[in-house]
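*Asks:* Have a look at the structure that comes next, please.
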Amino acid sequence: MSEISELIGKTMTNVEQVGSERLEFHANDGSVYAFFYEHDCCASCDIEDIIGNLGDLVGAPILMAEETISGENPDGIVKEYQDSFTWTFYKFATFKGYVTVRWYGESNGYYSESVSFEQVKP
């Protein structure tokens, strides 16, 4: 697994959401990084919301890349039937703007609710 801090200083040529379970960062050095969820039978983890414009992460160096994990619902969010859940927030910034990607994972408590991050192309 890669560390999200590897993105700091890199300039992206494309940042795209691929379905509800994948986010890809394509860097100008040819490397590609992916945030994704590896499916388990009784669990899910999806991109719940993107605050900001992914285009602000293209064409300028990434200045901030942070991950925050919470087991509590954000203000104003109410979900039914939450046996086990995890909110994961990824915060990115360039001089062009800030983007927060909010993932929501849920399960019966026996499966992963976590987002994976790795370099998929060197």
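*Asks:* Is it fair to say Ile50 is without any contact (Cβ under 8 Å) to a residue 24 or more places away in the chain and open to solvent by 20 Å² or more (accessible area, probe 1.4 Å)? Before you say what the answer is, go through the steps one by one.
*Replies:* Numbers: without any contact (Cβ under 8 Å) to a residue 24 or more places away in the chain: no; open to solvent by 20 Å² or more (accessible area, probe 1.4 Å): yes.
So Ile50 does not fit the description; no.
*Asks:* For the subset of region 53-74 comprising residues that are open to solvent by 20 Å² or more (accessible area, probe 1.4 Å) and either assigned to a strand (DSSP E or B) or out of contact with any strand residue (DSSP E or B) (no Cβ under 9 Å at 6 or more places or on another chain) (or both), which member is modelled with the lowest pLDDT? Can you show your working first?
*Replies:* Start the filter on region 53-74 by keeping residues that are open to solvent by 20 Å² or more (accessible area, probe 1.4 Å), which leaves 53-56, 58-59, 61, 63-64, 66-74.
Then drop every residue that is not either assigned to a strand (DSSP E or B) or out of contact with any strand residue (DSSP E or B) (no Cβ under 9 Å at 6 or more places or on another chain) (or both), which leaves 58, 61, 64, 66-70.
On the way: Val58: 98, Pro61: 98, Met64: 98, Glu66: 97, Glu67: 95, Thr68: 94, Ile69: 92, Ser70: 89.
Only one residue tops the list, namely Ser70.
*Asks:* So for region 17-37 (the condition being in a strand (DSSP E or B), open to solvent by 60 Å² or more (accessible area, probe 1.4 Å) and within 15 Å of Val120 (Cβ to Cβ)), does at least one residue qualify? It would help to see each step written out before you state the result.
*Replies:* Going through region 17-37, the residues in a strand (DSSP E or B) turn out to be 17, 22-27, 32-36.
Still in the list and also open to solvent by 60 Å² or more (accessible area, probe 1.4 Å): 17, 22.
This time we only want the ones that are within 15 Å of Val120 (Cβ to Cβ), so: 22.
Yes, that holds for at least one residue.
*Asks:* Just the residues that are open to solvent by 30 Å² or more (accessible area, probe 1.4 Å), in contact with a Phe, Trp or Tyr (Cβ under 9 Å, 6 or more places away or on another chain) and touching a residue at least 24 places away in the same chain (Cβ under 8 Å), please, taken from region 75-101. Quick ask: steps written out before the conclusion?
*Replies:* If we filter region 75-101 for residues that are open to solvent by 30 Å² or more (accessible area, probe 1.4 Å), which is where we start, we get 75-85, 89, 91, 95-96, 98, 100.
Of the ones still in play, those that are also in contact with a Phe, Trp or Tyr (Cβ under 9 Å, 6 or more places away or on another chain) are 77, 79, 84-85, 89, 91, 98, 100.
Of everything in region 75-101, those that are open to solvent by 30 Å² or more (accessible area, probe 1.4 Å), in contact with a Phe, Trp or Tyr (Cβ under 9 Å, 6 or more places away or on another chain) and touching a residue at least 24 places away in the same chain (Cβ under 8 Å) turn out to be Lys79, Ser84, Phe85, Lys91, Tyr98, Thr100.
*Asks:* Residues in region 102-111 that are part of a loop (DSSP other than H, G, I, E, B), in contact with an Asp or Glu (Cβ under 6 Å, 6 or more places away or on another chain) and either of a type in the set (S, T, N, Q) or in contact (Cβ under 8 Å) with a residue 40 or more places away in the chain (or both): how many? Can you show your working first?
*Replies:* We begin by selecting, within region 102-111, every residue part of a loop (DSSP other than H, G, I, E, B); these are 108-111.
The next check asks that each one be in contact with an Asp or Glu (Cβ under 6 Å, 6 or more places away or on another chain); those that pass are 108-109, 111.
If we keep only those that are either of a type in the set (S, T, N, Q) or in contact (Cβ under 8 Å) with a residue 40 or more places away in the chain (or both) as well, we get 108, 111.
The number of residues fulfilling the criteria is 2.
The values are calculated or read from the model by the stated rules, or taken from the named source; none is laboratory data. Keep in mind that what you see is a predicted model, and the values were worked out from it rather than measured. FYI the Cβ positions are ideal-geometry reconstructions off the backbone, even for glycines, and counts take in every protein chain you see. Note: areas computed on protein heavy atoms with side chains; ligands, DNA, RNA excluded. Shrake-Rupley method; radii C 1.70, N 1.55, O 1.52, S 1.80 Å.
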